[in-house]
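Report on the following structure.
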Amino acid sequence: MSKSYFDETHCAFGHPKSTFMQWMLTIDHKRIGIMYAVVMFTFFFVAVAAALTMRFELFAPGQQFIEAQTFNQAFTLHGVIMVFLFIIPGIPAVFGNIVMPLMIGAKDVSFPRLNWFTFWLYILGCIIALSSLFNFSIADGSVVFNFADTGWTFYAPYSLNTDTNVVTTLVAAFILGMASILTGLNFLVTIHRLRAPGMDFFKMPLFVWGIYATAWIQLLATPVVGITLVLALLEKYFGIGIFDPSKGGDPVLFQHLFWIYSHPAVYLMILPAFGIMSEIIPAFSRREIFGYRTIALSSASIAGVGYLVWGHHLFTSGMSDMAKTIFSFLTFFVAIPTGIKFYDWIATMYKGKIVLDTPMLWALGTIITFAIGGLSGVTIAMIGSDIHLQDTYYTIAHFHYAMLGGVVFLFFAGIHYWFPLVFGKMYSEVQAKLAFVILFIGFNFLWFPMFIAGYLGMPRRYFDYLPEFQIYHQFSFWGAIIFVVGLVYMFYVLIQGIRNGKPTTPNPWNATTLEWHLPTTPPPLENHTKVPYVDFRPYEYHHGQPVVKFDENMKRID
Amino acid sequence: MVTNYKAEKASYYKVLLGLLVLTAITFVQPSMFLTHYTFGMQMLIGTVKAWIILMYYMHLKGEVLIGWTVIFAVFLVAFFFAIVMIDVNYFQFADVSHITSPAQ
Amino acid sequence: MAHDSHDSHEYVPEIAVDRDGNQHEVQGWQGDTYGGKLGFWLFMLTEVMMFGSMFMVLSYYFHLHPQDFLDASAGLNRVLGGTNTVVLLVSALTMGLGLLKMRNGDVKGAKLMIWATILLALVFLGVKAVEWTAEYHHGIFLGLDALQSGNEHSLPFGQILFFGMYFSMTGLHGVHIIIGIGLMLWLLKRINSGKVTPEHNILHFNIALYWDLVHLIWVFVFPYFYMIGAGDIAGGVIHGH
Ligand code: HEM
Ligand SMILES: [Cu+2]
């Protein structure tokens, strides 16, 4: 047996003997990606637990299990983890690391040691973010938490006045932002410098395009929120005044600065997810992707226009009518490149030889859920309807359809797609499909009723509600239960796959991109045996079979 | 190599001289000329200085890819500026808000 | 066992062969000087975005309170600010000359120039300290009454905001100077241990870039705070009460 990257590694410094230290110090992009995945999904489950707590509390009007204040902390915890710890590092940190270098025929990212450092910066950020969870006191037999209660948005002036521990959360968000910036920086240089000879930008796989567009957002938008958080900290501790109305500071300015980053951030989450979709659809339709260039350029233009629409979060903040109109228009505009992608995917499937393996099921499911998420987004980009729907569960349902039903679903799709590549083994297809069905049903039960409740006026971030909303919350509760069962089952199936799945070949899906042309699976430490010369398009199929083939020295033999 | 070194060194000093002259102008401008446009003039001089530093000290001259990335970033900041300034200009509750029109 | 990736100097690029048998050199991550430069420029763009955002905040309030801003600006100490401007300007020269010397094989001269830059950076911080202390004694500092609202010493909104941003921005700029000193000391260490040489000077190159950026930021910070209100008063007097 040849050695894989599980057997040997390069380290940031020294040559540790113990396996544990080799993982801690590894600079191999594949190992780092796996470590991100483990940490991120651990926190994901913590956030899901917080969400379930809220769902239990919302089962009936009035107080059930937790205090109103604890509820505020629960949605803050949920939001902060889901956004800053889970979905912002997200797909780039995991699959950007693991497969992007493989897809462009590189041996690693451009700055492997920086990559290692970035991972540990991320861990530091996570620790600081959750440190205040352990800062609680027991009064009258009940636990009083000190975790921030501001929501993940930290709006001034409340975040400056609250007694809870926002400072650690702000510092953590800043550090996590730095990690995100460094990841983006590393990927940008990698994609510019390390593509295999012959691979120009329009021969790159579309996932790499997604990562590329994302990296620009990570790089240029994150500093804005970084400095905003620093200013908020300075405000809180030195009273510089700029977000404090009693000194003439304008809280709306905080909202501007916050969303200048946080809106592009949602494209930062979805663009790599779209990239995964663009890999899976041609591979399981056994057909060259339709409109390669339009998909690639739409990623770029979504990233570009995505910088310019942040104001749709401020429609009810007293922003000028002029600015509102500009922002509303620009927001509609982003839907165009997104729509183009959808048509391209569907056109790819048309007359293709569709194979309904698990990754494809996830991709198809997402086409439905993300369409709902995306189109409901357009409805709240209209100034008029947004006045009614802002800060209601309609908006919450919208972004859960987009984030959970879009990004996270495609993340799952990617996990099932690249699983055999990463581990050299295969999970049980039957069980994985079952997990998909449970999750898909549970998800829609969980979030669809919330569109209606929100439309009827159920406000977000509320611990209590009027009795007429109870029916929707109960539907939602049972949906959440089904969903969480599905989640646990899916991870069980995957872990079973890692432990005793059947060994696979390097290219089990008959896919075409370079990461499926490795000599062995799992891949060796330094990836391809030789760097190939790339003079072909990424998704060439002929009669349902991949066109490009390599021998063991990466010489083309077709 | 050696002649190149001398030439580069000379250019460093020339740039220094240019920057010093511009700094001197910065100092005298508010009391000497275009005194009604001090802010604009100061920013203009700053921009010229920045341009010189970028081109000669930071060797941006001739860098195509890096040059474009810089332009992109500067453009973005400019856009953020523009929108936020439009917004504050037409702030909806400008007349009643104590932030935009303090009572003093 | 893993081979030592520190030995990047001996890295031999791989060759990819296309169908016609032509050879193409593969760019590896090792020894990629241009990549290092590109990466550092991208990092500097993040600084541009950060300080750009702060200038945006500053302009926002300048727009709301133009007169307060001019009044507050008139009270800053232009002599000290101007001195620092010149100090930084000269330090940019020494840094640049150091790099030039390094590239031409004069390692000793290069080190001398880096030390000179460090010295100038310390002078900058010293002047800054004097300036802030004087302001503190005039009652203008974060946390003092003048910059709080609703007491008899309170300055008008616009001035509170001006000084709030003044201390934040010059403070953060100062932090960058301190980081720069740290980087230069590290650079000297790398030069001494032979990791940075006339042939492999990317670290030196990038730290020189960083120093230019710190200078560049000051080029806008200085006039925005010190000069905009210089019109009527001939500098040097802090607003007291
Ligand atoms: C297990 C599935 C999930 C459930 C059951 C769930 C449930 C909830 C609930 C009940 C709320 C509170 C709504 C309110 O009271 O305003 C909420 C808020 C939120 N959720 Fe989720 N969620 C899930 C997954 C996710 C995911 C994957 C993300 C990823 C981005 C996410 C991001 C957020 C955010 C950002 C908020 C807003 C927090 C705030 O108001 O500050 N959620 N979620
Ligand atoms: Cu948005």
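One table, with the values for the structure above:
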| read-out | value |
| --- | --- |
| Total residues in the range A:150-167, condition buried (at least 21 other Cβ atoms within 10 Å of the Cβ) and near ligand 1 (Cβ under 10 Å from one of its atoms) | 2 |
| From A:Val484, A:Val493, residue being more than 16 Å from ligand 1 (Cβ to nearest atom) and modelled with pLDDT of 95 or more | A:Val493 |
| Some residue of the range A:339-356 being within 16 Å of ligand 2 (Cβ to nearest atom) and in contact (Cβ under 8 Å) with a residue 40 or more places away in the chain | no |
| Odd one out for A:Gly377 among (1) within 22 Å of the chain's Cα centre (by Cα); (2) modelled with pLDDT of 95 or more | (2) |
| Qualifying residue in the range A:459-471 (condition: over 19 Å from A:Phe71 (Cα atoms), more than 16 Å from ligand 2 (Cβ to nearest atom) and surrounded by fewer than 21 Cβ atoms within 10 Å (Cβ to Cβ)) | yes |
| Residue among C:Val79, C:Val48, C:Val123 that alone is surrounded by fewer than 22 Cβ atoms within 10 Å (Cβ to Cβ), of a type in the set (A, V, I, L, M, F, W, C) and at pLDDT below 95 | C:Val79 |
| Meets criteria (within 16 Å of ligand 2 (Cβ to nearest atom), at pLDDT 95 or above and not polar (S, T, N, Q)) for A:Ile81 | no |
| Check on A:Ile281, modelled with pLDDT of 95 or more, in a helix (DSSP H, G or I) and not basic (Lys, Arg) | yes |
| Qualifying residue in the range A:315-324 (condition: of a type in the set (A, V, I, L, M, F, W, C) and assigned to a loop (DSSP other than H, G, I, E, B)) | yes |
| Some residue of the range A:443-455 being over 19 Å from A:Ile372 (Cα atoms) and touching a Leu at 6+ places or on another chain (Cβ under 9 Å) | no |
| Wholly enclosed helices (runs of 4 or more DSSP H) of the range C:7-123 bearing at least 1 residues more than 26 Å from C:Pro223 (Cβ to Cβ) | C:33-64, C:78-103 |
| Residue within the range A:345-363 that is within 16 Å of ligand 1 (Cβ to nearest atom), assigned to a helix (DSSP H, G or I) and open to solvent by less than 10 Å² (accessible area, probe 1.4 Å) present | yes |
| Residue within the range A:60-73 that is within 11 Å of ligand 1 (Cβ to nearest atom), within 25 Å of A:Tyr158 (Cα to Cα) and hydroxyl-bearing (Ser, Thr, Tyr) present | no |
| Subset of the range A:290-319 (residues that are touching an Asp or Glu at 6+ places or on another chain (Cβ under 7 Å), more than 14 Å from ligand 2 (Cβ to nearest atom) and open to solvent by less than 10 Å² (accessible area, probe 1.4 Å)) | A:Ile295 |
| Qualifying positions in the range C:25-45 - within 8 Å of another protein chain (Cβ to nearest Cβ) and open to solvent by 50 Å² or more (accessible area, probe 1.4 Å) | C:Glu25, C:Gln27, C:Tyr34, C:Phe43 |
| Among the candidates A:Phe119, A:Phe147, residue that is crowded, with 19+ Cβ neighbours inside 10 Å, aromatic (Phe, Trp, Tyr), closer than 25 Å to A:Val39 by Cβ and modelled with pLDDT under 95 | A:Phe147 |
| Residue match in the range A:47-57 (condition: away from ligand 2 (no atom under 16 Å from the Cβ), within 22 Å of A:Phe409 (Cβ to Cβ) and open to solvent by 30 Å² or more (accessible area, probe 1.4 Å)) | yes |
| Condition broken by A:Asp250, with the remaining ones in (1) in contact with a Phe, Trp or Tyr (Cβ under 9 Å, 6 or more places away or on another chain); (2) among the acidic types (Asp, Glu); (3) open to solvent by 10 Å² or more (accessible area, probe 1.4 Å) satisfied | (3) |
| Inter-residue pairs, beta-carbon under 6 Å, first open to solvent by less than 30 Å² (accessible area, probe 1.4 Å) and in the range B:46-68, second part of a helix (DSSP H, G or I) and among the β-branched types (Val, Ile, Thr), 6+ apart | B:Gly46/C:Val219; B:Lys49/C:Val219; B:Ala50/C:Val219 |
| Residue list for the range A:254-275, restricted to those being within 12 Å of chain B (Cβ to nearest Cβ), more than 11 Å from ligand 2 (Cβ to nearest atom) and either surrounded by fewer than 24 Cβ atoms within 10 Å (Cβ to Cβ) or over 12 Å from A:Thr153 (Cβ atoms) (or both) | A:Gln255, A:His256 |
| Test: residue in the range A:261-272 that is in contact with a Leu (Cβ under 9 Å, 6 or more places away or on another chain), within 16 Å of A:Val94 (Cβ to Cβ) and within 16 Å of ligand 1 (Cβ to nearest atom) | yes |
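Conditions (1) farther than 21 Å from A:Gly151 by Cα; (2) more than 16 Å from ligand 2 (Cβ to nearest atom), marked per residue:
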position	(1), (2)
A:Ser376	yes, no
A:Ile396	no, no
A:Tyr417	yes, yes
A:Tyr427	yes, yes
A:Leu434	yes, yes
A:Leu439	yes, yes
A:Trp447	no, yes
A:Gly457	no, yes
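Residues checked against (1) more than 22 Å from A:Pro459 (Cα to Cα); (2) within 16 Å of ligand 1 (Cβ to nearest atom); (3) modelled with pLDDT of 95 or more:
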{"position": "A:Gly384", "(1), (2), (3)": "no, no, no"}
{"position": "A:Gly406", "(1), (2), (3)": "yes, yes, yes"}
{"position": "A:Phe409", "(1), (2), (3)": "yes, yes, yes"}
{"position": "A:His416", "(1), (2), (3)": "yes, no, yes"}
{"position": "A:Phe423", "(1), (2), (3)": "yes, no, yes"}
{"position": "A:Met426", "(1), (2), (3)": "yes, no, yes"}
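Here's the yes/no breakdown for (1) of a type in the set (D, E, K, R); (2) away from chain C (no Cβ under 14 Å); (3) touching a Gly at 6+ places or on another chain (Cβ under 6 Å); (4) in a helix (DSSP H, G or I):
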{"site": "A:Thr153", "(1), (2), (3), (4)": "no, yes, no, no"}
{"site": "A:Ala156", "(1), (2), (3), (4)": "no, no, no, no"}
{"site": "A:Ile181", "(1), (2), (3), (4)": "no, no, no, yes"}
{"site": "A:Leu188", "(1), (2), (3), (4)": "no, no, no, yes"}
{"site": "A:Ala196", "(1), (2), (3), (4)": "no, no, yes, no"}
{"site": "A:Trp216", "(1), (2), (3), (4)": "no, no, no, yes"}
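The values are calculated or read from the model by the stated rules, or taken from the named source; none is laboratory data. The structure displayed is predicted, hence computed values, not measured ones. No Cβ is skipped: glycine too gets one built from the backbone with ideal geometry, and neighbour counts run over all protein chains shown. These area figures cover heavy atoms from the full protein model, side chains too; ligands, DNA and RNA do not enter into them. Shrake-Rupley method; radii C 1.70, N 1.55, O 1.52, S 1.80 Å.
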